[in-house]
Structure formats: C-alpha cells, structure tokens
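Colleague: Starting off with a structure, shown below.
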Amino acid sequence: MTGRSLRFIDVRPRPGHRSQGQLIAGNIVLRCALGKGGISAFKREGDGATPLARMGLLYGFKRPDKKVRAASGLALRTLSRNDGWCEVSDDRNYNRRVRIPYGASYDTMWRKDDLYDICIVMDWNLNPRRRAKGSAIFFHLARPGYTPTEGCIALSRADMNRLLPYLSDQTVIRVKR
C-alpha cells in the first residue's frame, strides 16, 4: 500500500470456499470472511450473500471500551449500547441505524462476540433504499476461523487495524467473482 488512502479494495472468493475471500488492498492480500450464501448479483434480505457490487465506505463505528489501535481517514463514530440497525424491509427505518429497543426487528450493534468493535458502513441499498434488497452490509471484524457472515465482509482485528489508516470516504470495495 502506498500513498495516504486506498482508492480501491478488491474482494474475490477464495478458491473452493464460497464464504471466504481474498481482500486485495494495494500490494497486500488478506484473508476475509464473506456471506454464508457466497457472492450474489441478486442480493435479497436474509439470503446471507455478499453483494456482487462496488460499495463505497461511508463511515464507521468503534466501541469506546475496545482498543482501536490505528487512526483512520474514515469518520469513526462512537458506538453506544442502544445502537441497532433495522432489518425489516417495510419499516420506515429499513437499513438505517435505530435506537434499541426498537419496534421492528434489528441487528444489535453492541455485540458480545466483538464483531462490530470496528464496523464500517458500506454504501449498499442506502440511497435509494429498496425493500428486501439487503440491510446491514458492513465491513467488520471476523470470527475465529473466518466463519461465514450474513453478507458482510470481515477481517481479523490485526488486519483491520492494519488497513484503517488507509481507508477514507473515497475508498471503494469492489466485490468480484
């Protein structure tokens, strides 16, 4: 990686592992977790697929009680215990941050498994938002063993900390086959 920020990050499936990938950032290749449904050009709510798409990095969240070692060119907001993300496609706040408890189904952002200690919102189905086209598609931390996500892209904490200084709101993740 050279320069101040990455313009593009490419993500491809790892041969023989549809829910794992290779993330190419400049001149480095990192292992990542993908959705349990693999990569799909026809993303639907609940299918567990990572969208085949170009997604800009918009902003992120970080837990204040966890160590985020690297500064970032991307705005990282402080996560609170009552942050959630609405996943009900006919709700007025579909695919948006909500305060919990919330009347419709939501993804809890303050998690016990640490996946969202660093969580970056990608530009998927946000403007315009389309019903049932997928919500909460994030760039976040991976589980041990890079087990599948619900459609997100996930890195180890060490690799995320390594990338953070090079990320900005100009960075685009290109998911390819």
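The values are calculated or read from the model by the stated rules, or taken from the named source; none is laboratory data. Here the structure is a predicted model, which means the values were calculated and not measured. FYI the Cβ positions are ideal-geometry reconstructions off the backbone, even for glycines, and counts take in every protein chain you see. Side chains are part of the model used for accessible areas, which takes the heavy atoms of the whole protein and leaves out ligands, DNA and RNA. Shrake-Rupley method; radii C 1.70, N 1.55, O 1.52, S 1.80 Å.
Colleague: Taking springs between alpha-carbon atoms closer than 10 angstrom, which of Ile100, Ile153, Ile118 fluctuates most in the Gaussian network model of the chain?
Modeller: Largest GNM mean-square fluctuation: Ile100.
Colleague: Now for a different question. Pick from Lys133, Lys43, Lys112: which is most flexible by mean-square fluctuation in a GNM of the chain where alpha carbon atoms under 10 Å apart are linked?
Modeller: It is Lys112.
Colleague: Using 1/(1 + (r/R0)^6) with R0 = 35 angstrom and r between the beta carbons of Arg77 and Val29, what's the FRET efficiency to the nearest 0.05?
Modeller: Between Arg77 and Val29 the formula returns 0.75.
Colleague: Dividing the alpha-carbon Rg of region 48-129 by 2.2 N^0.38 Å yields what?
Modeller: Working it through for region 48-129, the quotient is 1.13.
Colleague: Lysine pairs, Cα distance under 21 Å, 8 or more residues apart or cross-chain: how many in the chain?
Modeller: Going through the chain pair by pair, I get 9.
Colleague: Hey, another quick one. What ³J(HN,Hα) values, in whole Hz, does the Karplus curve 6.51 cos²θ - 1.76 cosθ + 1.60 give for region 19-34 when θ = phi - 60°, with x put for Gly and Pro?
Modeller: 9, 10, x, 10, 9, 10, 10, x, 9, 10, 10, 10, 7, 9, 9, 10
Colleague: Give the ranking of Thr147, Thr78 by solvent-accessible surface, highest area first, calculated with a 1.4 Å probe.
Modeller: If we order Thr147, Thr78 from most to least accessible, we get Thr78, Thr147.
Colleague: Name the residue, out of Phe138, Phe61, Phe42, whose mean-square fluctuation peaks in a Gaussian network model built on the chain with Cα pairs under 10 Å.
Modeller: With Cα springs under 10 Å in the chain, the top fluctuation among Phe138, Phe61, Phe42 is at Phe42.
Colleague: So how far apart, in nm, are the two label points at Arg130 and Asp114 if each is 7 Å from Cα heading toward Cβ?
Modeller: 3.8
Colleague: Across the chain, what fraction of all alpha-carbon pairs, as a whole percent, falls in each successive 10 Å bin from zero upward?
Modeller: 11, 41, 38, 10, 0
Colleague: Give me the 1.4 Å probe accessible area per residue for the chain, excluding ligands and nucleic acids, in Å².
Modeller: Roughly 49 Å² per residue, with all protein chains present.
Colleague: Now a separate question. For every helix of n ≥ 4 consecutive DSSP H residues, a contribution of -39,500 (n - 2.57) applies; sum these over the chain, divide by its total residues, and give [θ] at 222 nm rounded to the nearest 500 deg cm²/dmol.
Modeller: After summing the helix terms and dividing by the residues of the chain, the value is -1000 deg cm²/dmol.
Colleague: Can you tell me the relative contact order of the chain? Whole percent, Cα pairs under 8 Å, sequence separation 6 or more.
Modeller: 32 percent.
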